[in-house]
Amino acid sequence: MSIFSTDSKLYKAIQWFGNIVVLNLCWLLFSIPIVTIGASTVAAFSVALKMIDGTEGYMFKGFVKEFGKNWKQGTILWLITAVAIYALYLDAQILMKTDDPSIALIVVSIVSFLFIFFALLYAYPLSARYDNKWYMHLKNSFLLSIRFFKKTMFLLLILVLEVGLFIWNNKT
């Protein structure tokens with residue numbers, strides 16, 4: 001078996017990497033109208049899950065199909081996410097503008113951030129995999145976050161490191 005044959009591990013790795021690139025480009029293209037970020041995220045998760053199962057054929061065609069199928073629920077989740085992010089932004093502004101914020105205000109801010117993070121972390125992948133109402137996805141996401149607390153904290157650490165990296169480097 002040649003290293004360049006269609007059955008080789010190199011060919012399959014390059015094909016898998018190309019599919020990931022196409023999937024990310026589809027996500028970016030369909031997220032350009034800000035309102036559709038949720039639907040494109042659910043579609044990307046859905047196609048990625050099908051890729052893992054080995055049931056996905058064409059990336060773009062599958063993405064468009066999943067985008068149309070999950071448009072309503074993804075948009076609802078995105079609107080909830082956008083409102084939550086804006087509320088957290090306003091909370092951070094209040095904390096930064098206050099000369100001497102109380103411990104209670106800081107604790108409420110941290111708890112509200114964690115609650116929102118827990119409720120939204122697994123909501124998009126759950127929406128991609130299961131047919132359910134949006135509020136059930138939020139509830140199940142919160143319960144999964146509590147159940148797999150160590151993994152959730154690891155994902156939170158990654159998020160904090162990414163945000164810290166972007167804040168630390170003004171050029172990006």
* With a 1.4 Å probe and every protein chain left in place, tell me how much accessible area F60 has, in Å² to the nearest 10. => 110 Å²
* To do: Compare I103, I76, I94 in a GNM of the chain, Cα atoms joined below 10 Å, and give the one with the largest fluctuation.
  => I103
* Asked: For K151, which aspartates and glutamates qualify as cross-link partners when the Cα separation must be under 20 Å and same-chain residues fewer than eight apart are set aside?
  -> E162
* **Area accessible to solvent at K12, 1.4 Å probe radius, in Å²** => 110 Å²
* Structure fact -> For the chain, the dipole about the Cα centre with charges only on Cβ (Lys and Arg +1, Asp and Glu -1), to the nearest 20 debye, works out at 460 debye
* Asked: At 222 nm, what helix-only mean residue ellipticity would the chain give, in deg cm²/dmol to the nearest 500, using -39500 (n - 2.57) for each DSSP H run of four or more?
  -> -26500 deg cm²/dmol
* Asked: For the chain, what number results from the quotient of the Cα radius of gyration and 2.2 N^0.38 Å?
  -> 1.24
* In the chain, carbon and sulfur make up what percent of the accessible area (probe 1.4 Å)? -> 73 percent
* Asked: How big, in percent, is the set of alpha carbon pairs in region 63-152 lying more than 15 Å apart?
  -> 64 percent
* Give the Rg (one decimal place) followed by the Dmax (whole number) of region 81-127, computed from C-alpha coordinates and expressed in Å. => 12.5, 42
* Structure fact -> Taking a probe of 1.4 Å and leaving out DNA, RNA and ligands, region 33-172 shows per residue an accessible area in Å² of 67 Å²
* Note the per residue figure in Å³ for the convex hull of the C-alpha positions in region 5-63. => 67 Å³
* Sorted largest first, extent of region 114-169 alpha carbons per principal axis (Å) -> 40, 20, 17
* the chain, relative contact order [Cα under 8 Å, separation at least 6], % -> 18 percent
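The values are calculated or read from the model by the stated rules, or taken from the named source; none is laboratory data. Since the structure is predicted, the reported quantities are computational estimates derived from the model, not experimental observations. Because the Cβ atoms are built from the backbone with ideal geometry, glycine has one as well, and the counts that use them run over all protein chains shown. Heads up: the accessible areas ignore ligands, DNA and RNA and are worked out on the full protein's heavy atoms, side chains in. Shrake-Rupley method; radii C 1.70, N 1.55, O 1.52, S 1.80 Å.
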